[in-house]
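What follows is a set of notes on a single structure, which appears directly below.
The values are calculated or read from the model by the stated rules, or taken from the named source; none is laboratory data. Please read these numbers as outputs of a predicted model, since none were measured by experiment. Neighbour counts run over all protein chains shown; Cβ positions are idealised from the backbone, glycine included. What goes into the accessible areas is simple: the full protein's heavy atoms, side chains included, and nothing from ligands, DNA or RNA. Shrake-Rupley method; radii C 1.70, N 1.55, O 1.52, S 1.80 Å.
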Amino acid sequence: MKKITDIIGKYTTGEKTLEETNAALKEAGAGLRLDPEKNIITEAEKRATTIGEYPDMANGWGLLDSGTGTMDKVEIRNGQLVSCDMGESYALVFVAGRMYHVQGRKLVD
């Protein structure tokens with residue numbers, strides 16, 4: 001899991017392209033790929049994305065893993081998902097190279 005987390009993290013920081021990320025995921029044997037139609041985080045979005053020491057300081061764009069085998073691009077403001085509420089479901093969000101757990105809409109460590 002750590003290797004896959006590192007691969008996704010490098011995409012969300014801009015260190016790797018979507019294509020390089022998919023190749024690395026395939027090489028790692030992950031059953032997950034990023035969809036170029038749904039998961040692209042533009043350069044402007046990456047530059048507008050910030051995190052801080054605490055989860056409530058995260059703002060910008062990330063990728064949500066809700067356990068369905070796909071990732072969804074999400075917007076985050078003040079440590080909360082903007083247009084998505086996970087309720088009681090388990091989910092992770094990757095933003096600016098960091099991974100947070102999601103409780104409802106809120107990002108937590």
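Using a simple spin-label model with pseudo-atoms 7 Å out from Cα toward Cβ, Lys38 and Thr17 lie 2.3 nm apart.
Here the relative contact order of the chain, from alpha carbon pairs under 8 Å that lie six or more residues apart, stands at 24 percent.
Take the Cβ atoms of Ala48 and Tyr90, set R0 to 35 Å, and the FRET efficiency comes out at 0.80.
On the accessible surface of the chain, probed at 1.4 Å, how many percent belong to carbon and sulfur atoms? Present the calculation step by step, with values, prior to reporting the outcome.
Numbers: 3060 of 6230 Å².
Whole-percent figure for carbon plus sulfur exposure: 49.
Exposure check, 1.4 Å probe, all protein chains in place: Glu15 carries approximately 120 Å² of accessible surface.
Computed over protein heavy atoms with a 1.4 Å probe, the accessible surface of the chain works out to 57 Å² per residue.
Before rounding to the nearest 500, sum -39500 (n - 2.57) across all DSSP H runs of length at least 4 in the chain and divide by the residue total; then give [θ] at 222 nm in deg cm²/dmol.
On the way: 3 runs with 28 residues, N = 109.
Here the helix-only value at 222 nm equals -7500 deg cm²/dmol.
Restricting the calculation to Cα atoms, the chain shows an Rg/Rh of 0.93 when the hydrodynamic-style radius is the Kirkwood one. In the assembled protein chains, Arg33 presents an accessible area of approximately 100 Å² (probe radius 1.4 Å).
For a quick check of your reading of the filter: which chymotrypsin sites (Phe, Trp or Tyr not before Pro) in region 27-109 sit in a DSSP loop and have no more than 13 other Cβ atoms within 10 Å? Please report the intermediate quantities before stating the final value.
Values: sites: Trp61, Tyr90, Phe94, Tyr100; in loops: Tyr90.
Here the sparse-neighbourhood loop sites are Tyr90.
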